[in-house]
Amino acid sequence: MSKVCVFDHPLIQHKLSILRDKNTSVKEFRELISEIAMLMCYEATRDLPLEEVEVETPVAVAKCHRLAGKRVAIVPILRAGLGMVDGMVNMMPNVKVGHIGLFRDPETLEPVKYYYKMPPDIGERDVIVVDPMLATGGSASAAIQFLKDEGVQHIKLMSIIGAPEGVGRMQADHPDVDIFVAALDDHLNEHGYIVPGLGDAGDRIFGTK
Ligand code: PRP
Ligand code: URA
């Protein structure tokens, strides 16, 4: 069974409270999504392997640790996942970014794929899939299946808010994929929106409503 990690760090929780507020502007919403992603990325990459190196300081030789060159890719689910990319790239400037375009059919809530572009060596990379909202879990589960079909073996999912339904779906479909969220909310409403949630993440990031 996969691990579900809820980030209860005070900085993340503070920013999340502003993000949820319906009066938060598009500008501030975008900035907060990016900042929360940056803080979550810091924790979600805690297990990246290090290698020992010797560094000459002005005083002596120090035994230090550097990233062991593990190849990582971030894969945002369009559109809303795009809002999380900048914050993560700030933390990992050499990371590669693949894109999966999915939207939820408003009637069936099933994900519909409209775009897919990955780095050519995606099958050899560790992948962090990012999408602010894990609602029914249909979009995340489908995105992760596309990546597994390309041979990706190590995948994590990073969302800002998760619903129990989405976590359950992910754990059933992909028990090998650990899930990182800033909050686990109560339930989904009849339109598949997370309650209390923050509304439509894509619309709030791009100002389309
Ligand atoms: C939203 C959100 C997720 C998906 C979550 O995307 O960004 O991708 O819904 O719902 P699910 O867990 O039930 O699949 P949406 O379809 O609204 O598209 P958008 O990001 O382009 O606005
Ligand atoms: N997608 C969103 O953007 N918000 C929700 O609450 C559920 C799915």
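The values are calculated or read from the model by the stated rules, or taken from the named source; none is laboratory data. Predicted model only: the values in this text are computed from it and were never measured. So basically every Cβ, Gly included, is an ideal-geometry build from the backbone, and we count neighbours across all protein chains shown. Side chains included, ligands, DNA and RNA excluded: accessible areas come from the protein's heavy atoms. Shrake-Rupley method; radii C 1.70, N 1.55, O 1.52, S 1.80 Å.
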What does the charge add up to near L109, with Lys and Arg as +1, Asp and Glu as -1, over the other residues with Cβ less than 14 Å from its Cβ? -4
What lysines sit close enough to K148 to cross-link, taking a C-alpha to C-alpha distance under 19 Å and skipping anything fewer than 8 places away on the same chain? K3, K70, K96, K113, K117, K156
V112 - accessible surface, heavy atoms, 1.4 Å probe, Å² rounded to 10: 50
Leaving ligands, DNA and RNA out of it, report the carbon-plus-sulfur percent of the accessible area of the chain at a 1.4 Å probe. 53
Ordering L82, L50 by the accessible surface of their heavy atoms, 1.4 Å probe, largest first, yields L50, L82
Let me spell out the model: positive unit charges on the Cβ of Lys and Arg, negative unit charges on the Cβ of Asp and Glu, origin at the Cα centre of the stretch 1-75. What dipole size does that give, in debye rounded to 20? 340
Please give the solvent-accessible surface of E43 in Å², to the nearest 10, using a probe radius of 1.4 Å with every protein chain present. 60
Ignoring ligands, DNA and RNA, how do M92, M158 rank by accessible area with a 1.4 Å probe, largest first? M92, M158
Order by protection proxy (mean Cβ within 10 Å, highest first), peptides 101-107, 201-207: 201-207, 101-107
What whole-number volume per residue, in cubic angstrom, does the convex hull of the C-alpha atoms of the stretch 71-133 give? 80
Sorted from largest down, give the three principal axis spans of the alpha carbons of the chain, whole angstrom values. 64, 39, 30
What net charge do the residues around I33 carry, taking every other residue with its C-beta under 15 Å from that of I33, with Lys and Arg at +1 and Asp and Glu at -1? -2
When all protein chains stay in place, what accessible area (Å², nearest 10, 1.4 Å probe) is found for K3? 110
Per residue accessible area of the stretch 116-170, 1.4 Å probe, in Å²: 33
Report the Stokes-Einstein translational diffusion coefficient (µm² s⁻¹, integer) for the stretch 1-116, Rh taken as the Kirkwood radius over Cα pairs, at 20 °C with viscosity 1.002 mPa s. 125
How would Y116, Y42 line up by accessible area, probe 1.4 Å, largest first? Y42, Y116
